[in-house]
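One structure is given below, encoded as structure tokens.
The values are calculated or read from the model by the stated rules, or taken from the named source; none is laboratory data. Values in this document were obtained by computation on a predicted structure and should not be read as measured data. Glycine gets a Cβ as well: all are built from the backbone with ideal geometry, and neighbour counts include every protein chain shown.
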Amino acid sequence: MHRGLREPHLFNAGPNPLKLINNLEGLIDQNALTNLRKEIDRNVVLLFKLGISHYQFACAAERTEWRHRISRYYYGAYNVKRAVALKNSGQFSTDSSDHKAIDQIPSEMTNAAAFRVRLVNLRDDRNLADYSHLAVVGDLLSPPDDWERFVHDFIESARQYLTSQQVQL
């Protein structure tokens, strides 16, 4: 069971809701399968919106608050990536180890190869900003304004991908 998800919830029924639906094919009627797919899409939209919220918070933060900006840019990208992963492969996790999969995005996304590398770099900068008391803004791999542009571009690529998968954002 995923922490924080009250039963009943699709994500508590198994580790991968898309695989669950595929395994129920032929066992339950099409209307029920459609409802399960709609529930996945509803959660994809909610994750995407959570990512947008983190991104907007980062954009509105004072320039002097570089640590908060980097952290929220990362969580913006991370939650948008989670939305894409859920739609693409059914992957969903609330475990902290999921952050290691920040670069697991589908090749069909525009600029996927470049995004993979930069998402790992953003995670490294987020770790520095959140955990290193000695760090200064100059220690970042990229300055906050560059991360703002990067996350914006990643969000737009994810939006295009999800829209192409018939997700109503």
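Apart from one condition, Q91 fits all of (1) in a helix (DSSP H, G or I); (2) over 10 Å from the mean Cα position of the chain (by Cα); the exception is (1). Of all the residues in segment 84-102, those that are loosely packed, with under 13 Cβ neighbours inside 10 Å and charged (D, E, K, R) number 2.
Within segment 130-165, if we keep just the residues that are touching a helix residue (DSSP H, G or I) at 6+ places or on another chain (Cβ under 8 Å) and outside any helix (DSSP H, G or I), the residue that is farthest from R82 (Cα to Cα) turns out to be A135. The set of residues from segment 49-65 being crowded, with 20+ Cβ neighbours inside 10 Å and not small (G, A, S) comprises H54, Y55.
Quick check on segment 23-46. Is at least one of its residues in contact with a Gly (Cβ under 8 Å, 6 or more places away or on another chain), among the hydroxyl-bearing types (S, T, Y) and part of a helix (DSSP H, G or I)?
Going residue by residue through segment 23-46, those that are in contact with a Gly (Cβ under 8 Å, 6 or more places away or on another chain) are 40.
Those still in the list that are among the hydroxyl-bearing types (S, T, Y) too: none.
No - not one qualifying residue is present in segment 23-46.
Taking each residue of segment 38-64 that is under 17 Å from R82 (Cβ atoms) and of a type in the set (D, E, K, R) and looking for partners that are at pLDDT below 95 and assigned to a helix (DSSP H, G or I) with beta-carbon atoms closer than 7 Å, six or more apart or interchain, yields E39/L10.
Could you identify the single residue in L46, L27, L10 that is out of contact with any Ser or Thr (no Cβ under 6 Å at 6 or more places or on another chain) and surrounded by 15 or more Cβ atoms within 10 Å (Cβ to Cβ)? Give the derivation first.
Numbers: L46 fails: surrounded by 15 or more Cβ atoms within 10 Å (Cβ to Cβ); L27 fails: surrounded by 15 or more Cβ atoms within 10 Å (Cβ to Cβ).
When all the criteria are applied, what remains is L10.
Of all residues in segment 31-74 being of a type in the set (S, T, N, Q) and over 24 Å from L122 (Cα atoms), which is modelled with the highest pLDDT? Walk me through how you get there before you give the answer.
Pass one, segment 31-74, residues of a type in the set (S, T, N, Q): 31, 34-35, 43, 53, 56, 64, 71.
Within this subset, residues satisfying the condition of being over 24 Å from L122 (Cα atoms) are 31, 34-35, 43.
Values: N31: 91, T34: 91, N35: 92, N43: 96.
Looking at residues that are of a type in the set (S, T, N, Q) and over 24 Å from L122 (Cα atoms), I get N43.
Looking only at segment 103-123, residues that are surrounded by 13 or more Cβ atoms within 10 Å (Cβ to Cβ) and in a helix (DSSP H, G or I) come to 10 in all.
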